[in-house]
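Colleague: Below: one structure in structure tokens.
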Amino acid sequence: MDLRSAQVFVTLADTLHFGQTATRCNLSSSAVSRQLARLEDAVGAPLMERDKRHVAITPAGREVLQLARRWLAEWSALRAALGGNEEQLHGQLRVYASVTASYTVLAKVLPPLRKRYPGIELLLHTGDQADGIERVLAGQEDCAVVAEPDRLPASLAFAPLRRSPLVLIGPSDKGPLQKTMQAHLKKDEEPDWSSTPLVLAERGLARERLLKHLQSRGINPLLYSEVGGHEAVVSMVSLGFGVAVVPEIVITASPQRSAIQVLPWLSDLDDFVIGLCSKRDLLKDPLMDAFWRSAVAEV
């Protein structure tokens, strides 16, 4: 396995798409197929299962992928050591973040990183931030932007970047729910959470903290809907389906922010601490070390 075939195979394992791999590696799709075929011949086993619609990595492919990643990381470290110039670092890092974190946290981190380390390419994957830690543990990502959990797995490192309070939000339109909230505001009284529709994320820290808080008060809340991710929660609230607890940073970045209002209740929930999460062993990789230090420097 040479350097080029290792780079192509790692990219193919990330994308599971020959066309995308070809674009990223500046090759044709047929050239990517030939690189894979030569590697499979050398290994003596199929590394990818593919048909017209799907590409999947085989057990043998996962073994080769680990070897290729280690080799590429060691190669980057060797280049940096021999060149004596950290700006010469080259390679890819897989980073996972929610859409909100991409607009806010990463938008601040990436410009200085690209200026200092132009050879580091970030492969950004977006989704529900509640999935970030599991994706890092599973080896699907090198790093994720997540909220610090109450208990961080011992194999992971966490670098705090910013805080965001958890706030209660409701719709700002003139619908029935908004009128009910306004009535409670005028009376300076907290709503009855057992009859006030709540919208919750399907999983994650905000959900856990809210339910734990209500449970401690002996309240069985009225759950109207459970959706994937804080961005979807804000959308549901903006449409008048319920109230919700979300990190304030999500509201700031939301296109629906004018359709919601922050309500004064449930304000004693612990803040979100948002930061980077990665496997401790991976911090030895020069690429990850450069990204990690560059991000922390922007705090």
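Colleague: With +1 on each Lys and Arg Cβ and -1 on each Asp and Glu Cβ, and nothing else charged, work out how big the dipole of region 1-132 is about its Cα centre, in Debye to the nearest 20. Walk me through the numbers on the way to the answer.
Modeller: On the way: 16 positive and 13 negative charges, 65 e Å.
So the magnitude is around 320 debye.
Colleague: Which residue fluctuates the most in the chain, going by a Gaussian network model with Cα springs under 10 Å, if the choices are R163, R50, R209?
Modeller: Highest fluctuation of the listed residues: R50.
Colleague: Let me ask something else about it. Please report, as a whole percent, how much of the solvent-accessible surface of the chain comes from carbon and sulfur atoms (probe radius 1.4 Å).
Modeller: The nonpolar share, carbon plus sulfur, comes to 51 percent.
Colleague: In addition: Tell me, what is the per residue accessible area of the chain in Å², probe radius 1.4 Å?
Modeller: 51
Colleague: With the calculation restricted to Cα positions, what are the radius of gyration and Dmax of the chain in angstrom?
Modeller: Using the Cα atoms of the chain, the pair Rg, Dmax is 23.1, 76 Å.
Colleague: Put a dot 7 Å past each Cα toward the Cβ at A31 and D150; how far apart are the dots in nm?
Modeller: Distance between the two pseudo-spin positions: 5.3 nm.
Colleague: From the helices alone, meaning DSSP H stretches of at least four residues, give me the mean residue ellipticity at 222 nm for the chain, per-run term -39500 (n - 2.57), in deg cm²/dmol to the nearest 500.
Modeller: -13000 deg cm²/dmol
Colleague: Related question: Full-extension gain between E190 and V55, please, as 0.36 nm times their residue separation minus the C-alpha to C-alpha distance.
Modeller: So the chain would gain 43.3 nm between E190 and V55.
Colleague: To make sure I understand the rule: partners must be lysines, Cα under 25 Å from the Cα of K186, and not fewer than 8 residues away in the same chain. Which ones qualify?
Modeller: Straight-distance partners of K186: K174.
Colleague: Calculate, for I219 and T252, the FRET efficiency according to 1/(1 + (r/R0)^6) with r their C-beta to C-beta distance and R0 25 Å; round to the nearest 0.05.
Modeller: So the FRET efficiency works out to roughly 0.30.
Colleague: May I ask you to evaluate 6.51 cos²θ - 1.76 cosθ + 1.60, the Karplus curve with θ = phi - 60°, for each residue of region 152-164 and list the ³J(HN,Hα) values in order in whole Hz, giving x for glycine and proline?
Modeller: Listing the rounded values in order: 8, x, 4, 7, 10, 10, 9, 10, x, 10, 6, 10, 8 Hz.
Colleague: Using a 7 Å offset from Cα along Cα-Cβ at E208, what residues in region 265-293 end up with backbone N under 20 Å from the label point?
Modeller: Zone members listed by number: 267-280.
Colleague: Something else now. Go through A138, V10, A60 and say which Cα lies farthest out towards the positive end of the charge dipole of region 1-149; charges sit on Cβ, +1 for Lys and Arg, -1 for Asp and Glu.
Modeller: V10
Colleague: Could you identify which residue out of R69, R94, R24 has the top mean-square fluctuation in a GNM of the chain using Cα springs shorter than 10 Å?
Modeller: With Cα springs under 10 Å in the chain, the top fluctuation among R69, R94, R24 is at R24.
Colleague: Here is a follow-up. Roughly how many debye, to the nearest 20, is the charge dipole of the chain about its Cα centre, given +1 on each Lys and Arg Cβ, -1 on each Asp and Glu Cβ, and no other charges? Please list the in-between numbers first.
Modeller: Working: 34 positive and 35 negative charges, 109 e Å.
It works out to roughly 520 debye.
The values are calculated or read from the model by the stated rules, or taken from the named source; none is laboratory data. Here the structure is a predicted model, which means the values were calculated and not measured. With ideal geometry, Cβ positions are generated from the backbone for all residues, glycine too; neighbour counts draw on all protein chains shown. These area figures cover heavy atoms from the full protein model, side chains too; ligands, DNA and RNA do not enter into them. Shrake-Rupley method; radii C 1.70, N 1.55, O 1.52, S 1.80 Å.
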